[in-house]
Amino acid sequence: MNTESLWVQTSEVAHMSEAGRAGHPSHAVVTEHIATLHSGAPFELLDCGVISGVTYHHLLQAGLEVDYTGIDIGEAAIADCRERHPEARWRQMSVTDLAFSDNSFDVVNCRHLLECLPYYETAVREMFRVARRTVVICMFQVREPEALLRRETANGYIWFNRYAPGPFEALLHSLSESVEIVDVPFDHRPNRVYFCTKRSA
Ligand SMILES: C[S@@+](CC[C@H](N)C(=O)[O-])C[C@H]1O[C@@H](n2cnc3c(N)ncnc32)[C@H](O)[C@@H]1O
């Protein structure tokens, strides 16, 4: 029996591009917001939990001059992205322990990842630590009641958590000068996007 996280082992890197996931309108909401901040000038962005490189594709399609670094815990995801996009930087690491100095990136982005962790706090604090100004977090499971669910399979485990908005948003406010919240409806898969401006030290 394998006792690792399924995300570490997965080789199904195209999965998140299927079933309309790559076309979810939350991608456009995020890309447009980043474009309003950084259109026409180069900027450094860290993307956490890249899988198929879906966010990178949206940023390229929007014509943004992004100096992109993507991280993921999955070896196959990183190898696949590196092969298809050698012009960007791809590193295997956990969002809970980012091997970057404080204030390294203009924007830190994280989509549909925090629900896959045992809890969100360490990851959120790490993303704010390495961000200079902007942290963008897109969630697919933020609503009452909070439920932490660790599914066991023969091949490993996977977290599939739903977080209560109150404490999560209180944490974001404690780290931010401002937090803009945008709800993105889409069939049975609504998303909530948080655009955070980091509090200066
Ligand atoms: C649900 S997918 C979301 C992928 C993509 N961001 C999207 O929006 O479609 C979660 C991704 O986070 C990665 N992941 C899971 N745990 C991680 C961790 N601790 N650190 C970094 N990435 C992790 C998984 O390997 C997977 O690629």
> Which far-off residues, 5 or more places away or on another chain, put their amide H under 5 Å from the one on SER176, with H placed in the peptide plane?
Replying inline: ARG199
>> I need the shape label for the range 71-126. Rule: rounded when a/c is under 1.5, else prolate if a/b > b/c, else oblate, with a, b, c from the alpha carbon gyration tensor.
In response: oblate
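Could you tell me which trypsin sites (Lys or Arg not before Pro) in the range 124-201 are loop residues by DSSP with no more than 14 other beta carbons within 10 angstrom of their beta carbon?
Hits after loop and neighbour filter: ARG143, ARG199.
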>> Out of the GluC sites (Glu not before Pro) in the range 139-183, which ones are loop residues according to DSSP with at most 14 other C-beta atoms within 10 Å?
In response: none
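Going by the alpha-carbon gyration tensor, a ≥ b ≥ c the square roots of its eigenvalues, is the chain rounded (a/c under 1.5) or, if a/c is not under 1.5, prolate (a/b greater than b/c) versus oblate? Display every interim value, and only then the final one.
Numbers: a/c = 1.37, a/b = 1.12, b/c = 1.23.
It is rounded, given that a/c, with a ≥ b ≥ c, falls under 1.5.
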> What residues qualify as long-range amide H neighbours of ASP47, i.e. H under 5 Å apart, gap of 5 or more or another chain, H built at 1.01 Å from N?
Replying inline: THR69, GLY70, ILE71, ASN109
> Within the chain, which cysteines find no other Cys whose Cβ is under 4.7 angstrom from their own?
Replying inline: CYS81, CYS116, CYS138, CYS196
> Using 1/(1 + (r/R0)^6) with R0 = 22 angstrom and r between the beta carbons of THR122 and ARG151, what's the FRET efficiency to the nearest 0.05?
Replying inline: 0.60
>> Can you compute the FRET efficiency between GLN9 and PHE160 using 1/(1 + (r/R0)^6), with r the Cβ-Cβ distance and R0 = 22 Å? Round to the nearest 0.05.
In response: 0.85
>> For ASN103, project a label point 7 Å along Cα to C-beta. Then give me every residue of the range 34-52 with its amide nitrogen under 19 Å of that point.
In response: 43-46
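Assigning unit charges at the beta carbon (Lys, Arg +1; Asp, Glu -1) and nothing else, what dipole magnitude in debye, to the nearest 20, does the chain show about its Cα centre?
220
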> How far apart, in nm, are two points set 7 Å out from the Cα along the Cα-to-Cβ line at SER178 and at GLU44?
Replying inline: 2.5
>> Can you compute the helix-only [θ] at 222 nm over the chain? Use -39500 (n - 2.57) per DSSP H run of at least 4 residues, normalise by all residues, nearest 500 deg cm²/dmol.
In response: -8000 deg cm²/dmol
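Bear in mind that the values in this text are calculations on the coordinates, not laboratory data. Computed from a prediction, not measured in an experiment: that's the story for all the values here. Using ideal geometry, Cβ is built from the backbone for each residue, glycine included, and neighbour counts are taken over all protein chains shown.
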